[in-house]
Every structure is written in structure tokens, then in C-alpha cells.
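First comes the structure, then the notes that go with it.
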Amino acid sequence: MDARLEAIRDTVLARNPGEAEFHQAVVEVFESLGPVHDRHPEFLEAAILERLCEPERQIIFRVPWTDDQGRVQINRGFRVEFNSALGPYKGGLRFHPSVYLGIVKFLGFEQIFKNALTGMPIGGGKGGSDFDPRGRSDAEVMRFCQSFMTELYRHIGEYTDVPAGDIGVGGREIGYLFGQYKRITNRYESGVLTGKGISWGGSLVRPEATGFGTVIFTEEMLKTRGTSFDGQRVVVSGSGNVAINAVAKAQALGATVVACSDSSGYVVDEAGIDVGLLRQVKETERGRLKDYSLRRSGVSYVEGGSVWDVDATVALPCATQNELDGDAAARLVRNGLLAIGEGANMPSTREAIAVFQEAGVLFGPGKAANAGGVATSALEMQQNASRDSWSFEHTEQRLTDIMVGIHHRCASTADEYGQPGNYVLGANIGGFVKVADAMLAQGLI
Ligand code: NDP
């Protein structure tokens with residue numbers, strides 16, 4: 001790392017103790033930014049990096065609710081409004097028992113650069129709670145969401161901060177959150193949340209966008225090696241929103257997705273995952289992946305273990321952070337991996353990224369590869385602002401154009417800085433320069 005940036009990194013890590021994921025995200029970005037500061041000493045003078053690493057606002061609040069037995073439950077809610085240089089704070093809400101400030105800050109920090117790369121007018125933010133929706137009834141989830149919004153509503157708004165979904169937050173949760181926001185404020189403010197239902201202000205393609213976008217970005221990377229998804233053997237981790245739609249898109253482009261996972265285990269389906277059955281089990285029934293294997297012949301289910309034991313030519317990690325470590329990366333490379341597109345945020349550890357890069361594997365980092373979700377959220381905001389709704393085809397074309405544009409921005413930035421094919425460097429510099437320029441123009445705030 002550039003010596004000038006090392007000192008700033010040390011201060012940031014010391015100021016934010018115990019936030020391992022945030023540290024990891026910061027260090028990964030800093031490692032790319034040395035050459036930018038050679039060209040732009042004004043960024044150092046204006047302390048852009050120090051300011052970028054300090055969220056503009058952090059909100060932590062109590063979320064009391066009652067379960068179906070009438071017992072009082074207490075969770076912790078978070079919203080980190082990280083950077084508004086390019087537009088209102090924008091980023092999802094995560095409901096998962098592992099959520100704490102360090103996870104929300106890593107996600108919010110990454111979101112700044114991701115949102116800049118989309119070319120849309122959106123700043124970076126993220127939020128969530130340590131609430132676990134798994135195993136909870138609809139009524140419990142509704143009571144939790146209503147309590148969560150009873151505090152959050154005063155901090156958000158279509159020109160201020162626009163939350164969306166992430167792990168554990170899908171259409172059901174966005175519906176309950178929107179309903180409570182409307183009830184408290186007495187405003188039908190469609191643009192305050194994205195990921196809404198189609199009949200009440202949502203956008204077609206938003207549910208598919210992150211998974212589809214990851215595959216479109218990865219297809220663009222494959223094209224640089226004269227190949228495509230057609231005929232590839234693909235492994236996807238996770239079986240939630242991002243994973244299912246990545247499976248669907250990869251198979252639509254001619255690949256065979258042979259495995260996917262959930263937090264209990266993974267299935268291997270050599271004939272190619274049946275997307276209809278996967279949606280039925282995971283989305284409609286909110287069941288476990290094991291149920292998929294019980295309903296389809298020729299499928300094996302492995303309890304526990306790592307889906308990265310299954311060999312593939314293309315890997316799409318779409319579950320969670322740090323799910324793919326150095327050993328798994330080395331195994332995938334030995335077994336003939338050609339490309340990896342991160343649907344999840346920071347799913348590869350730093351060791352894994354080093355293995356991929358040394359082996360010359362095409363590596364699409366999450367802040368570029370999974371930006372299709374937030375980009376389509378920005379398209380939802382556009383439709384809300386003009387009280388319009390676009391067709392599936394039109395919206396999907398916009399998503400495709402955006403993903404091809406992001407790929408081009410990352411690739412050309414990597415070329416410009418003398419590291420062709422380094423998408424990590426391209427994404428970090430491409431996103432950073434845009435935000436830094438806007439921060440400089442807006443003065444010391
Ligand atoms: P979902 O909640 O829909 O699905 C998450 C999936 O990952 C589930 O299969 C879940 O398994 C699995 N998973 C979650 N946590 C763990 C864990 N600790 N260990 C193993 N498996 C786990 O979330 P999304 O699909 O929306 O999000 C997946 C990833 O994509 C996240 O990193 C998110 O930040 C990122 N992302 C999402 C976007 C979106 O638009 N939704 C946009 C950009 C990035 P189980 O079913 O057992 O819980």
C-alpha cells in the first residue's frame with residue numbers, strides 16, 4: 001500500500017475498533033488508490049479519504065416488538081448515512097442475527113463506490129437489524145417492521161435517504177415498512193423505498209436485477225477472453241434473491257448451473273438447477289434447500305460443507321461476506337475456474353482475491369458486478385418521480401446497458417492505470433474519483 005495512505009488507514013482502523021468487516025473493506029479500497037493520489041494531490045490536501053471513511057451520520061436505535069406469544073422482544077436497528085456527494089443516501093436494509101455496526105459500515109462504505117459506478121445520482125448508505133426473520137410468522141415480521149419504521153421514518157425520504165432490501169429483507173418486508181411510513185407521515189411518497197410491489201410503485205425487473213446484472217457483468221468479462229456463458233459449468237452460492245436470479249440468467253445464456261447452497265448445505269444437480277422448483281421451495285414456501293433435493297431425482301444434498309468443493313468454470317458467490325476463502329479459491333483454480341462474478345458483497349476474502357488474481361482468473365468484485373440491483377432501484381426512483389411504469393423489456397435493456405457501461409468503466413480505468421484486466425483496481429478507482437471530485441466541488445462539509 002502507498003505509504004501516504006498507510007497512515008490514514010491506521011487512523012481509520014484505530015478510530016473504529018472491533019469492526020473487522022469495515023476494516024477489510026477499507027483496506028481493500030485503499031490498496032487500489034495509491035496511483036490516484038499521485039495524479040491528484042488535491043485529494044490528499046482536502047482529506048478526501050479521511051472524510052470518506054467517516055459516515056456523515058450514524059443512527060442506532062432500539063426496536064421493541066411483541067412475538068406471537070405476547071413476549072416482549074428487543075432488537076437493535078441501524079442506519080448509516082455514509083456519503084451524499086452524488087445524491088440521496090441509497091442502500092439496502094439487512095435483517096440477520098449477525099448484523100452489527102461493523103457489517104452495516106462495510107456495506108455502506110462499499111455502496112458509495114458501487115453507486116458512483118452506476119452513473120446514477122445516488123449516494124451511499126446501508127442499514128438493518130440483528131432481527132432474524134427466519135422462522136417468524138408474517139404477523140411477527142410485520143410487527144417488527146412497523147416498530148423499526150417508527151424510528152427510521154424521521155431519518156429517510158425521497159430526497160434524503162432511500163432504503164431497499166438486502167439479506168432477510170424482500171418484498172414482504174418492504175411492504176410492511178412502506179405501509180408504516182405512509183401511516184406515520186400521511187404521505188404516499190413512493191420514492192422513499194425501493195423494491196416495492198409492482199402494483200404500488202415498484203419496478204419490473206427490480207427483483208431480478210442483482211442476479212441478472214451479475215451475470216451480464218460476468219458475460220462481459222468472459223467476452224474479453226473470447227468466450228461466453230454458453231456451455232459453462234457454473235456453481236452459485238446462496239439460494240436467495242440474488243442467487244436464484246443469477247441461476248436463471250446464467251441458464252438462459254446457455255450455462256448449466258450444477259450447484260447452489262443455503263446456510264444449511266448445498267445441492268448438486270448435474271442436469272442443471274430447475275429454477276421453477278427452486279423458486280417454489282425458497283421463495284413461495286420459504287423452505288430449505290434440502291426440500292429441493294427431496295422433490296427432484298438425480299439431485300444430491302450435502303449437509304454443511306462448502307459448495308466450492310464442486311468444480312466449475314464460472315463461480316458466482318451470491319450468499320454473504322467472506323464465504324469464499326483462500327483454500328476454496330485455490331481448489332476452484334486447480335479445478336479449472338475461468339471467471340468469478342461476485343453477486344454478494346465482499347464474499348471473497350482478501351486471500352481468495354489474491355489467489356484468483358495470481359492465477360489470472362477473471363475476477364469481478366461485488367461493487368461492480370452486483371451494482372445492477374441498486375441501479376434498477378434508481379430506475380424505480382425515476383419511474384416514481386415521473387409517475388410512470390416501464391415495460392419489462394425496456395427496464396431490462398436499461399439494466400443491460402448500465403452493466404455493460406460499468407464493465408467498460410472498470411476495464412478502461414484499469415487500462416488507464418496500467419493494470420489491464422484488474423477489475424478490483426478499475427472499480428475502486430472508477431468509483432472513488434467520481435465521488436472525490438464531487439466532494440471537492442461541494443467544499444468542506
Ligand atoms: P437473501 O436473504 O434473499 O438470500 C441470502 C442467501 O444467502 C440465502 O440462501 C441464505 O441462506 C444465504 N446466507 C445468508 N447468510 C448466510 C451465511 N452467514 N452463511 C451461509 N449462507 C448464508 O439475500 P440476497 O439474495 O438479497 O443477498 C445475498 C447477497 O447479495 C448479500 O451479500 C447482499 O448484500 C448482496 N446484494 C443483494 C442485493 C439485492 O438487491 N438483494 C444487491 C446487491 C448485493 P438461508 O436461506 O439459509 O438463510
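The values are calculated or read from the model by the stated rules, or taken from the named source; none is laboratory data. Here the structure is a predicted model, which is why all the values come from computation and not from measurement. Heads up, the Cβs are rebuilt from the backbone with ideal geometry, glycines too, and the neighbour counts pull from every protein chain shown. With ligands, DNA and RNA removed, areas are computed over all heavy atoms of the protein, side chains included. Shrake-Rupley method; radii C 1.70, N 1.55, O 1.52, S 1.80 Å.
Which one of ILE429, GLY119, LEU324 is farthest out on the positive end of the charge dipole of the chain, using unit charges on Cβ (Lys, Arg +1; Asp, Glu -1) and the Cα centre as origin?
Farthest towards the positive end: GLY119.
Which value, in Å³ per residue, describes the convex hull spanned by the Cα atoms of segment 118-165?
Details: hull volume 4.9 nm³, N = 48.
Taking the convex hull of the Cα positions in segment 118-165, it is 102 Å³ per residue.
Where only protein heavy atoms count, and the probe is 1.4 Å, what is the accessible area per residue for segment 149-219 in Å²?
Value returned for segment 149-219: 36 Å² of accessible area per residue.
Under a GNM of the chain (C-alpha, springs under 10 Å), which listed residue has the highest mean-square fluctuation: GLY197, GLY211, GLY366?
GLY197
What dipole magnitude, in Debye to the nearest 20, does the chain give about its Cα centre under +1 on Lys/Arg Cβ and -1 on Asp/Glu Cβ? Write down the numbers at each step before the final one.
On the way: 44 positive and 55 negative charges, 236 e Å.
The calculation lands at about 1140 debye.
Just to check, using Stokes-Einstein with a Kirkwood Rh over alpha carbon pairs, what's the diffusion coefficient of segment 299-355 at 4 °C and 1.567 mPa s in µm²/s? List each step's numbers first, then the result.
Working: Rh = 11.5 Å.
D, rounded to a whole number, is 113 µm²/s.
Let's test the formula: R0 of 56 Å, r as the Cβ-Cβ distance of ARG154 and VAL404. What FRET efficiency results, to the nearest 0.05? Please report the intermediate quantities before stating the final value.
Numbers: r = 39 Å, r/R0 = 0.70.
For ARG154 and VAL404, the calculated efficiency is 0.90.
How many percent of Cα pairs in segment 358-445 exceed 15 Å?
Values: 2548 of 3828 pairs.
In whole percent, the share of Cα-Cα pairs in segment 358-445 beyond 15 Å is 67.
Any idea what log10 I(q)/I(0) is at q = 0.15, 0.23, 0.34 Å⁻¹ for segment 155-199, Debye with uniform C-alpha scatterers and no solvent?
Rounded to two decimals, the profile gives -0.33, -0.78, -1.37.
Starting from the Cα of TYR100, step 7 Å along the direction of its Cβ; do the same at GLU45; then give the gap between the two resulting points in nm.
Placing both labels 7 Å along Cα→Cβ, they lie 4.1 nm apart.
Can you give me the relative contact order of the chain as a percent, contacts being Cα pairs under 8 Å and 6 or more apart?
Numbers: 926 pairs, mean separation 69.6, N = 445.
It rounds to 16 percent for the chain.
Taking 2.2 N^0.38 Å as the expected size of a compact globular protein, what ratio does the Cα radius of gyration of segment 162-316 give against it, to two decimals?
Details: Rg = 17.5 Å, N = 155, 2.2 N^0.38 = 15.0 Å.
Rounded to two decimals, the normalised Rg is 1.17.
What is the calculated FRET efficiency for ARG62 to ARG15, with r their C-beta to C-beta distance and R₀ = 25 Å, to the nearest 0.05?
Values: r = 25 Å, r/R0 = 1.00.
According to the calculation, E is roughly 0.50.
How much area per residue is accessible in segment 25-129 when the probe is 1.4 Å and only protein heavy atoms are counted (Å²)? Can you show the working numbers first?
On the way: 3370 Å² over 105 residues.
Per residue, segment 25-129 has an accessible area of 32 Å².
Roll a 1.4 Å probe over the protein chains and send me the accessible area per residue for segment 314-365 in Å².
Working: 1720 Å² over 52 residues.
It amounts to 33 Å² per residue over segment 314-365.
Roughly how many whole Å is it from the C-alpha centroid of segment 165-184 to that of segment 193-230?
22
Multiplying the sequence separation of GLN382 and SER263 by 0.36 nm and subtracting their Cα-Cα distance, what value in nm do you get? Don't jump to the answer; show the numbers that get you there.
On the way: separation 119, 0.36 × 119 = 42.84 nm, distance 3.55 nm.
Result for the pair: 39.3 nm of gain on full extension.
Let me spell out the model: positive unit charges on the Cβ of Lys and Arg, negative unit charges on the Cβ of Asp and Glu, origin at the Cα centre of segment 209-369. What dipole size does that give, in debye rounded to 20?
Working: 15 positive and 19 negative charges, 53 e Å.
So the dipole magnitude of segment 209-369 works out to roughly 260 debye.
If the cut-off is 23 Å between C-alpha atoms, which lysines fall inside it for LYS223, apart from same-chain ones fewer than 8 positions away?
Excluding near neighbours in sequence, the set is LYS114, LYS249, LYS367.
Rounded to two decimals, what is Rg over Rh for the chain when you use alpha-carbon atoms and the Kirkwood radius? Provide the component values of the computation, followed by the final result.
Numbers: Rg = 20.8 Å, Rh = 22.0 Å.
Here Rg/Rh amounts to 0.95.
Of all the C-alpha pairs in segment 253-394, what % are more than 21 Å from each other? Walk me through the intermediate numbers first.
Values: 5180 of 10011 pairs.
Everything past 21 Å amounts to 52 percent.
Using only Cα positions of segment 56-189, each an equal point scatterer, no hydration layer, compute I(q)/I(0) via Debye at q = 0.10, 0.13, 0.15, 0.21 Å⁻¹ and quote the log10 values to two decimals.
The Cα Debye sum returns log10 ratios of -0.30, -0.50, -0.67, -1.25.
Full-extension gain between GLU393 and THR224, please, as 0.36 nm times their residue separation minus the C-alpha to C-alpha distance.
Working: separation 169, 0.36 × 169 = 60.84 nm, distance 2.60 nm.
Once the chain is fully extended between GLU393 and THR224, it gains 58.2 nm.
Using a probe of 1.4 angstrom, how much of the accessible area of the chain is carbon and sulfur, in percent? Don't skip to the end; give the middle numbers.
Numbers: 8270 of 16880 Å².
It is 49 percent, rounded to a whole number.
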